[in-house]
Amino acid sequence: MAAKKLCEAFSKTLIDEVQKWGCMKQTGVSLRYMMEFGSRPTPKNLLISAQFLHKELPIRIARRVVELENLPYGLSLKPAVLKVRDWYVDSFRDVRSFPEIKSSDDEKEFTQMIKAVKVRHNNVVPTMALGVKQLKKGLGLNNVGSDLHEIHQFLDRFYMSRIGIRMLIGQHVELHNPNPPPDCVGYIHTKMSPVNVAQSASEDARAICLREYGSAPNIKIYGDPSFTFPYVPTHLHLMVFELVKNSLRAVQERFVDSDKVPPPVRIIVADGIEDVTIKVSDEGGGIPRSGLPSIFTYLYTTAKEPLDEHPDLGTTESVTMAGYGYGLPISRLYARYFGGDLQVISMEGYVKRDIVSITINEEVMS
């Protein structure tokens, strides 16, 4: 099928509306506000939330459509990127065509609709990865490097926006849960234990390593399980999972032919006055100095690329040990989303990752 520009695939009326909403300014929402507002999920508050999303989501979605249509190097015309663009256009149309929300019945119907929108976008990350891979192949590149800086900037904006959209939708949908877990306000856990989340994420990562290699290094976690703070557990789980998975793979592959017992991956949780820091360290051989500038670029990876071996992987929910090159850059976006960061310090022969520094004051969605 020939690639179709936006003007060829959709009506002029819809395109004009996308352009109009794409020029509007989006509204940031802090973690604190979501927590306080969501602590009272009355029908009135749910109605207010739905009315806000009815106006806010089209702005955020339209901005992404406009960007997806104007990417450099011909990326906009890659089949996988066109698929993602069409998902965003369909979602924009669904939200904009929904009538004004005036009652609780309207709100419930709207909630089901945006829930379906969220599901539609589940495979955006691997599908975009496939699109960038198609670009790499067309340009004859092995890795997307600094010469494609514009692509990296776009992907940072695009994925950060995706985190925000999914957070807003997920928070609203979860407020309808009649039996929320203790101390949870939608997606937010008001008393989240980073040690407990790190334990859960580590067990999941180790299970993947066991599946891939038949064995896995041990993981040691240091920290006070009773220390808690308000945060989104799924975000922290994703970050720790990705980084521990990287560490396990590095250690496992370094010691695969050795008679020595692989050294454990260590996780330290430290709470400061303003920040919570989670450090992951491993003895997986480190990252060469020449590779450090590339570790936060998309599709940089030292592993085999799963899209090489499984070209249909962009439409599945499979979890691989490594290969997309998205683990570090996307984890850093999740860290930065509420004011934190992710840093890597490496020594060849030993690698230490100061992975997450989460600022818990005045967090604002971008």
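List every residue pair whose Cβ atoms lie under 8 Å apart, where the two residues are 6 or more positions apart in sequence or sit on different chains, the first residue falls within segment 66-77 and is of a type in the set (Val, Ile, Thr), and the second residue, located anywhere, is open to solvent by 40 Å² or more (accessible area, probe 1.4 Å).
That search, which allows pairs on different chains as well, returns Val66/Gln19.
What are the residues in segment 195-210 that are in contact (Cβ under 8 Å) with a residue 60 or more places away in the chain and either in the same structural domain as Ser39 (by the TED database) or farther than 27 Å from Val173 by Cβ (or both), if any?
Applying the first criterion (in contact (Cβ under 8 Å) with a residue 60 or more places away in the chain) to segment 195-210 yields 195, 198, 202, 208-209.
The answer is Val195, Ser202, Ile208, Cys209.
If only one of Gln153, Gln171 is under 30 Å from Phe52 (Cα atoms), open to solvent by 60 Å² or more (accessible area, probe 1.4 Å), assigned to a helix (DSSP H, G or I) and not assigned by the TED database to the domain that holds Gly223, which one is it?
Numbers: Gln171 fails: open to solvent by 60 Å² or more (accessible area, probe 1.4 Å).
Of Gln153, Gln171, the one residue that is under 30 Å from Phe52 (Cα atoms), open to solvent by 60 Å² or more (accessible area, probe 1.4 Å), assigned to a helix (DSSP H, G or I) and not assigned by the TED database to the domain that holds Gly223 is Gln153.
Suppose the filter is among the β-branched types (Val, Ile, Thr), modelled with pLDDT under 85 and either in contact with a helix residue (DSSP H, G or I) (Cβ under 9 Å, 6 or more places away or on another chain) or outside the structural domain of Val232 (by the TED database) (or both); does Ile330 pass it?
Details: among the β-branched types (Val, Ile, Thr): yes; modelled with pLDDT under 85: no; either in contact with a helix residue (DSSP H, G or I) (Cβ under 9 Å, 6 or more places away or on another chain) or outside the structural domain of Val232 (by the TED database) (or both): yes.
Spelling it out, it is not the case that Ile330 is among the β-branched types (Val, Ile, Thr), modelled with pLDDT under 85 and either in contact with a helix residue (DSSP H, G or I) (Cβ under 9 Å, 6 or more places away or on another chain) or outside the structural domain of Val232 (by the TED database) (or both).
Considering only segment 70-84, state which residues are surrounded by 15 or more Cβ atoms within 10 Å (Cβ to Cβ) and part of a loop (DSSP other than H, G, I, E, B).
Leu71, Lys78
Results for (1) outside the structural domain of Val197 (by the TED database); (2) modelled with pLDDT of 95 or more; (3) farther than 17 Å from Met192 by Cα; (4) open to solvent by 20 Å² or more (accessible area, probe 1.4 Å), shown as yes or no for each residue.
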position	(1), (2), (3), (4)
Glu242	no, no, yes, yes
Ser247	no, no, yes, no
Gln252	no, no, yes, no
Val256	no, no, yes, yes
Asp259	no, no, yes, yes
Pro262	no, no, yes, yes
Arg266	no, no, yes, yes
Gly272	no, no, no, yes
Val276	no, no, no, no
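Can you name the condition, by its number, that Leu141 falls short on among (1) buried (at least 19 other Cβ atoms within 10 Å of the Cβ); (2) at pLDDT below 90; (3) outside any helix (DSSP H, G or I)?
So Leu141 meets the others, but not (1).
Scan (1) at pLDDT 95 or above; (2) assigned to a helix (DSSP H, G or I); (3) out of contact with any Pro (no Cβ under 6 Å at 6 or more places or on another chain); (4) open to solvent by 20 Å² or more (accessible area, probe 1.4 Å) for the single condition Tyr33 breaks and write down its number.
Tyr33 satisfies every listed condition except (1).
Condition check: modelled with pLDDT under 95 and in a loop (DSSP other than H, G, I, E, B). Does Pro225 satisfy that?
Numbers: modelled with pLDDT under 95: no; in a loop (DSSP other than H, G, I, E, B): yes.
No, not satisfied.
Using the structure shown, decide if Ile165 is open to solvent by 10 Å² or more (accessible area, probe 1.4 Å) and either assigned by the TED database to the domain that holds Val265 or under 30 Å from Val29 (Cβ atoms) (or both).
Here the answer is yes, as Ile165 does meet what is asked.
Does Asp204 count as open to solvent by 60 Å² or more (accessible area, probe 1.4 Å), under 30 Å from Phe37 (Cα atoms) and among the charged types (D, E, K, R)? Show your work before the answer.
On the way: open to solvent by 60 Å² or more (accessible area, probe 1.4 Å): yes; under 30 Å from Phe37 (Cα atoms): no; among the charged types (D, E, K, R): yes.
No, not satisfied.
Show the residue pairs that are 6+ apart or on different chains and have beta-carbon atoms under 9 Å apart, the first residue being within segment 16-27 and within 14 Å of Leu57 (Cβ to Cβ), the second being of a type in the set (S, T, N, Q).
Gln26/Ser161; Gln26/Ser366
Counting only residues that are of a type in the set (D, E, K, R) and not in a strand (DSSP E or B), which one in segment 207-222 is least open to solvent (accessible area, probe 1.4 Å)? Working first, answer last.
If we filter segment 207-222 for residues that are of a type in the set (D, E, K, R), which is where we start, we get 211-212, 220.
Checking which are not in a strand (DSSP E or B) leaves us with 211-212.
Working: Arg211: 144, Glu212: 91 Å².
Per the stated criteria, the residue is Glu212.
Taking into account only those residues within segment 1-30 that are aliphatic (A, V, I, L, M) and within 27 Å of the chain's Cα centre (by Cα), which is surrounded by the most Cβ atoms within 10 Å (Cβ to Cβ)? Quick ask: steps written out before the conclusion?
Within segment 1-30, the first condition is being aliphatic (A, V, I, L, M), and the residues that meet it are 1-3, 6, 9, 14-15, 18, 24, 29.
Still in the list and also within 27 Å of the chain's Cα centre (by Cα): 6, 18, 24, 29.
On the way: Leu6: 20, Val18: 25, Met24: 14, Val29: 18.
The residue in question is Val18.
In this structure, is Asn70 modelled with pLDDT under 95 and polar (S, T, N, Q)?
For Asn70, the condition - modelled with pLDDT under 95 and polar (S, T, N, Q) - is met.
So Gln51 ticks every box in (1) within 30 Å of Leu148 (Cα to Cα); (2) assigned to a helix (DSSP H, G or I); (3) open to solvent by 50 Å² or more (accessible area, probe 1.4 Å) but one. Which box is left unticked?
(1)
The values are calculated or read from the model by the stated rules, or taken from the named source; none is laboratory data. Here the structure is a predicted model, which is why all the values come from computation and not from measurement. Glycine also receives a Cβ, built like all others from the backbone with ideal geometry; neighbour counts cover every protein chain displayed. Heavy atoms of the whole protein, side chains included, go into the accessibility calculation; ligands, DNA and RNA do not. Shrake-Rupley method; radii C 1.70, N 1.55, O 1.52, S 1.80 Å.
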